[in-house]
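The values are calculated or read from the model by the stated rules, or taken from the named source; none is laboratory data. Given the structure is predicted, the values throughout are model-derived calculations rather than measurements. Ideal geometry is used to build each Cβ from the backbone, glycine not excepted, and the neighbour counts take in all protein chains shown.
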Amino acid sequence: MTSCIIPVSSIMPDKIDLVRFRRNLHSRPELSREEAETAKTVAETLEKFNPTEVITGLGGHGVAGVFDTGKQGPAIMLRADLDALPIEEENDFEYISKNPGVAHSCGHDGHMSIMVGAAEQLSKILPNLKGRIVLLFQPAEEIAFGAKAVLEDEKFKRIEPDYVFGLHNLPGFPEGSIISIKGEFASASQGLVAKFKGKTSHAGEPQHGYNPVLAMTAAIHGLMAIPSMHTPIERSALVTVIHARLGEVAFGTSPGYAEVMATFRSHRNLEMQVMEARAEELIQGIAGTYGLQSSTEWVEVFPAICNNDECVGIIEHAAIDAGAEIVHPEFPFSWTEDFSYYLQRYKGAFFGLGAGVDHPQLHNPDYDFPDRIIPKGLEVYINIVKSLLGS
């Protein structure tokens with residue numbers, strides 16, 4: 001696939017070349033919790049715009065640029081994400097990933113570039129504002145680790161926002177459009193690891209052991225039935241079994257261990273809580289039936305993103321002022337985002353930035369963030385800041 005090179009001056013006339021910055025990040029992606037060089041690049045770039053403070057090492061490799069007006073007013077936090085994905089990129093442009101098996105296939109390079117552009121704009125308009133703006137570049141979003149780690153970091157006490165806003169580019173929507181939903185914006189998701197422990201025996205004498213094969217198959221069928229049995233028809237929920245393992249490849253042995261892994265997904269946190277309880281009961285019940293020990297572990301926990309109505313209104317007014325088309329999907333998105341952890345604590349909202357109707361989808365090997373939408377995302381962010389902190 002050949003990239004169409006867009007003249008930088010026609011996209012972004014400001015001093016910093018955000019397109020070049022984005023493509024540089026794209027060529028050097030780093031996985032979750034390994035974003036050291038990306039964080040260093042971001043921190044050094046932020047320093048060029050004379051922030052009040054640059055905080056590093058937040059929740060791992062997180063970076064925050066603080067712009068304090070020195071005047072009383074609210075504190076706003078805008079968030080971008082640092083990490084890339086374990087995907088082999090399939091593009092042929094000159095800035096393709098130089099790290100084998102790692103790619104910015106979710107567009108976090110573009111999100112960071114929008115935020116760096118916001119830093120430059122804030123350096124120019126800060127005297128006209130009141131309050132404080134924090135630009136957070138968060139690590140490890142893809143594995144549901146980063147937001148929690150940032151919030152639990154002692155250094156986050158120096159940030160403590162009143163409002164939080166975030167965006168994500170969304171293929172399938174017109175370029176530069178703003179995708180907005182009141183209430184639940186994106187789904188809750190979490191992974192279940194269910195383990196059964198029995199007793200190995202000779203394959204010719206299985207009666208001397210406890211083979212968990214029937215427990216494993218019962219767990220697979222039972223877990224997949226949970227949404228239809230325990231959630232209402234008008235509330236979307238889904239269980240996807242992603243992996244199952246039984247014993248070892250040893251034809252003389254009847255296995256004594258099995259595990260099942262499944263992803264649980266729902267539009268609301270309430271349905272997730274119901275499914276979690278039913279799943280744990282199911283695994284315990286199956287284990288008891290077959291005389292096995294069992295355990296359950298929940299991993300990669302993403303609560304649902306639940307937007308504040310007032311903050312959705314602020315985003316939509318900012319979009320209107322930016323001349324952006326606003327799209328209102330009927331249902332929450334099925335994907336997840338750990339921005340939800342901030343919304344559990346602070347007033348705020350999350351919105352989408354259209355990446356193009358026919359653009360390759362997120363996490364696809366041929367995906368690349370469209371540079372043309374950087375200005376619109378930046379303008380909406382700055383309009384949000386102005387609406388809340390304008391003096």
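Within the stretch 56-70, which residues are surrounded by 20 or more Cβ atoms within 10 Å (Cβ to Cβ) and either without any contact (Cβ under 8 Å) to a residue 24 or more places away in the chain or not aromatic (F, W, Y) (or both)? Hits for the stretch 56-70 are L58, G59, G60, H61, G62, V63, A64, G65. Outside any loop (DSSP other than H, G, I, E, B), touching a strand residue (DSSP E or B) at 6+ places or on another chain (Cβ under 8 Å), modelled with pLDDT of 95 or more and surrounded by 20 or more Cβ atoms within 10 Å (Cβ to Cβ): is that true of L46 in this structure? In short, yes. Applying the condition of being more than 30 Å from T336 (Cα to Cα) and touching a strand residue (DSSP E or B) at 6+ places or on another chain (Cβ under 8 Å) to the stretch 187-204 and asking which residue is surrounded by the most Cβ atoms within 10 Å (Cβ to Cβ) yields G198. Based on this model, can you work out whether V19 counts as assigned to a helix (DSSP H, G or I) and farther than 13 Å from F137 by Cα? Yes: the conditions hold for V19. Take the conditions (1) buried (at least 20 other Cβ atoms within 10 Å of the Cβ); (2) closer than 30 Å to I320 by Cα; P127 misses just one of them, which is (1).
One residue stands out in the stretch 236-266 among those that are more than 25 Å from the chain's Cα centre (by Cα) and part of a strand (DSSP E or B): the one that is surrounded by the fewest Cβ atoms within 10 Å (Cβ to Cβ), namely R245. Picking from residues in the stretch 320-344 that are free of Cβ contacts under 8 Å to residues at least 60 places away in the same chain and part of a loop (DSSP other than H, G, I, E, B), the one that is surrounded by the fewest Cβ atoms within 10 Å (Cβ to Cβ) is E330.
Within the stretch 335-391, if we keep just the residues that are within 30 Å of E88 (Cα to Cα) and of a type in the set (S, T, N, Q), the residue that is modelled with the lowest pLDDT turns out to be T336.
In the stretch 289-309, what residues are over 18 Å from T217 (Cα atoms) and either in the same structural domain as A219 (by TED's automatic domain parsing) or in contact with a strand residue (DSSP E or B) (Cβ under 6 Å, 6 or more places away or on another chain) (or both)? Across the stretch 289-309, the qualifying residues are E297, W298, V299, E300, V301, F302, P303, A304, I305, C306, N307, N308. Residues being in contact with a helix residue (DSSP H, G or I) (Cβ under 8 Å, 6 or more places away or on another chain), in contact (Cβ under 8 Å) with a residue 40 or more places away in the chain, surrounded by 14 or more Cβ atoms within 10 Å (Cβ to Cβ) and part of a strand (DSSP E or B) are represented in the stretch 307-319 by at least one member.
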